[in-house]
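Engineer: Can you keep this structure in mind? I'll have questions shortly.
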Amino acid sequence: MISASEGTSGISVRVPAKINLELRVGPLRHDGYHDLATVFHAVDLVDHITVRPAQDWRITVEGTDAHLVPTDDSNLALAAAKMLAGTHAQQAYPVHVHICKQIPVAGGMAGGSADAAGALVACDALWGLGLGLGVDGLHEYAARLGSDVNFALVGGTAIGSGRGENVVPALTAGQYEWVVVQAEGGLSTPAVFRELDRLREDRPVDAPQPTAEMLGALRAGDIDSLAACLNNDLEEPAFSLRPELAEVRDAGLMLGAAGGLVSGSGPTIVFLARDRHAANDLAAALVNSGAATRVHTATGPVPGAQVVEWEDRP
Ligand code: ATP
């Protein structure tokens, strides 16, 4: 592996959080995973990943809840950079990865996966690998890093299958306004899946598929139809593990949200609002009523990981 002088040109990538508009979970597989059918939707709650040449590999994190993010090799952004370097030793060199975090940590919004996708795009550009998003490009690495990393590369609204790593863009119209309620503490994704299996006992479960109603609502850009189709199989187990989350969901619906559900494996709850104004009003009402303390508004869909800044472009 070649080395580069510290402090020369760096690259910043912006990468969005995801919510799942629909998340259908199939039966437990023999390998311990579940097949999923999901509709991913990228929103403009974003992390920024900056990579700069360094003498040694390094990772730093700033932003709300930065202290909850690991700063060792288990950090998915660092793992992604090192994985890419491992197969491109001729061009790659150690980098300092810096994450500026806005996406809630362990909130079911795939923040770690987003950071991994951001690091892949940033290192691809910095090292001049030219992998991009085509066949044999960054998607191959993304799938090895985690189930949600492929979606963070493409963003928009997309149908995910397999463990979520097979991603196909969905036909959609319009933009949607969301209110994102961040709960205190995280929920472990494996624990939520285990609770789902426990609640299902031995009930037979069909192979998961996105519903025709959801895909039709997205094509039409119809808020009421979309609100009626929002669905997450992980909501019941998340509520079972954290009953207070159901109260937050109910409060948002009472306060006028068009729809609401747990995001991914939770504990974040997202509400669909009629427009930007309604989203701001709902966010304020949730805080004023005491139902929530940490609230964001967000718009979707937005693109996946994108380079936003080159320092001293070569
Ligand atoms: P999952 O993808 O498992 O559903 P999530 O979306 O609920 O996760 P993340 O924000 O990705 O939540 O964090 C899950 C865990 O991943 C964290 O508790 C943290 O220990 C670890 N992690 C590793 N790298 C990162 C990263 N760059 N940002 C956030 N968390 C990270």
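The values are calculated or read from the model by the stated rules, or taken from the named source; none is laboratory data. Keep in mind it's a predicted model, so treat the numbers as computed, not measured. Quick reminder, even Gly has a Cβ in these numbers, built from the backbone with ideal geometry, and neighbours come from all protein chains shown. Side chains included, ligands, DNA and RNA excluded: accessible areas come from the protein's heavy atoms. Shrake-Rupley method; radii C 1.70, N 1.55, O 1.52, S 1.80 Å.
Engineer: Normalised by the residues of the stretch 10-171, what does the relative contact order come to in percent, with Cα pairs under 8 Å and at least six apart? Walk me through the numbers before you get to the answer.
Structural biologist: Numbers: 363 pairs, mean separation 47.2, N = 162.
About 29 percent, as a whole number.
Engineer: Ranked highest first by average number of other Cβ atoms within 10 Å, how do 70-79, 10-19 line up? Present the calculation step by step, with values, prior to reporting the outcome.
Structural biologist: On the way: 70-79: 17.4, 10-19: 26.9.
In descending order of packing, they fall as 10-19, 70-79.
Engineer: Right, here's the next one. Can you sort W57, W127 by 1.4 Å-probe accessible area, starting with the largest?
Structural biologist: Values: W57 70, W127 15 Å².
Greatest to least solvent exposure: W57, W127.
Engineer: Please list 254-263, 43-52 highest first by mean number of surrounding beta-carbon atoms within 10 Å per residue. Please list the in-between numbers first.
Structural biologist: Numbers: 254-263: 21.4, 43-52: 23.4.
Most protected by this proxy first, the peptides run 43-52, 254-263.
Engineer: Please build a GNM for the chain, connecting alpha carbons under 10 Å apart, and tell me which residue among T64, T299, T189 fluctuates the most.
Structural biologist: For the chain, modelled as a Gaussian network with Cα springs under 10 Å, the answer is T64.
Engineer: A further question on this structure: What translational diffusion coefficient, to the nearest whole µm²/s, does the chain have by Stokes-Einstein, given a Kirkwood radius computed over alpha-carbon pairs, a temperature of 37 °C and 0.692 mPa s viscosity?
Structural biologist: Values: Rh = 19.9 Å.
Result for D is 165 µm²/s.
Engineer: I've got another one for you. Mind telling me which of A158, A170, A110 comes out most flexible in a GNM of the chain, alpha-carbon contacts under 10 Å?
Structural biologist: Sorting by GNM fluctuation, first place goes to A170.
Engineer: Treat every Asp and Glu Cβ in the stretch 10-171 as -1 and every Lys and Arg Cβ as +1, leave all other atoms uncharged, and give the resulting dipole magnitude about the Cα centre to the nearest 20 debye.
Structural biologist: Working: 10 positive and 16 negative charges, 14 e Å.
Dipole magnitude for the stretch 10-171 comes out near 60 debye.
Engineer: If you don't mind, another one. Extent of the stretch 176-300 along each principal axis, from alpha carbon coordinates, in Å, largest to smallest?
Structural biologist: 45, 35, 21 Å, listed from the longest principal axis down.
Engineer: Whole number in Å², please: accessible area per residue of the chain, 1.4 Å probe, ligands, DNA and RNA not counted.
Structural biologist: Working: 13480 Å² over 314 residues.
Computed with neighbouring chains in place, this is 43 Å² per residue.
Engineer: Can you tell me which of 141-147, 280-286 comes out highest on packing, and rank the rest after it, using the mean Cβ neighbours within 10 Å? Write down the numbers at each step before the final one.
Structural biologist: Details: 141-147: 20.7, 280-286: 19.1.
The peptides rank, most packed first, as 141-147, 280-286.
Engineer: Please compute the alpha carbon radius of gyration of the stretch 10-171, then divide it by the globular-protein estimate 2.2 N^0.38 Å. Two decimals is fine.
Structural biologist: Taking N as the residue count of the stretch 10-171, the ratio is 1.00.
Engineer: A follow-up question, please. If you average the sequence gap of Cα pairs under 8 Å that are 6 or more apart and divide by the length of the stretch 176-300, what percent do you get for the contact order?
Structural biologist: 43 percent
Engineer: Next question, about the same structure. Keeping every protein chain in place, order R58, R294 by accessible area at 1.4 Å, biggest value first, i.e. largest first.
Structural biologist: Numbers: R58 115, R294 60 Å².
Ranked from most to least accessible, the order is R58, R294.
Engineer: If you don't mind, there's one more thing I want to ask. Would you mind pulling out the separation of the Cα centroids of the stretch 18-90 and the stretch 236-274, in Å?
Structural biologist: 24 Å
Engineer: Taking the chain as a Gaussian network, where each spring joins two C-alpha atoms under 10 Å apart, which residue of R274, R249, R200 fluctuates the most?
Structural biologist: Looking only at R274, R249, R200, the largest GNM fluctuation is found for R200.
Engineer: A further question follows. Just add up the charged neighbours of P104: K/R +1, D/E -1, any other residue whose Cβ is under 11 Å from the Cβ of P104.
Structural biologist: Working: positive: K101, R294; negative: D47, D65, E184.
Within the 11 Å Cβ shell, the charges total -1.
Engineer: Right, something else. At a 1.4 Å probe, what is the % contribution of carbon and sulfur to the accessible area of the stretch 176-300?
Structural biologist: On the way: 2880 of 5840 Å².
Answer for the stretch 176-300 is 49 percent, counting heavy atoms of protein chains only.
Engineer: Hey, can you grab everything whose amide H is under 5 Å from the amide H of G259? Only 5+ residues off in sequence or another chain; H modelled, so Pro and N-termini drop out.
Structural biologist: Answer set, sorted by chain and number: L272.
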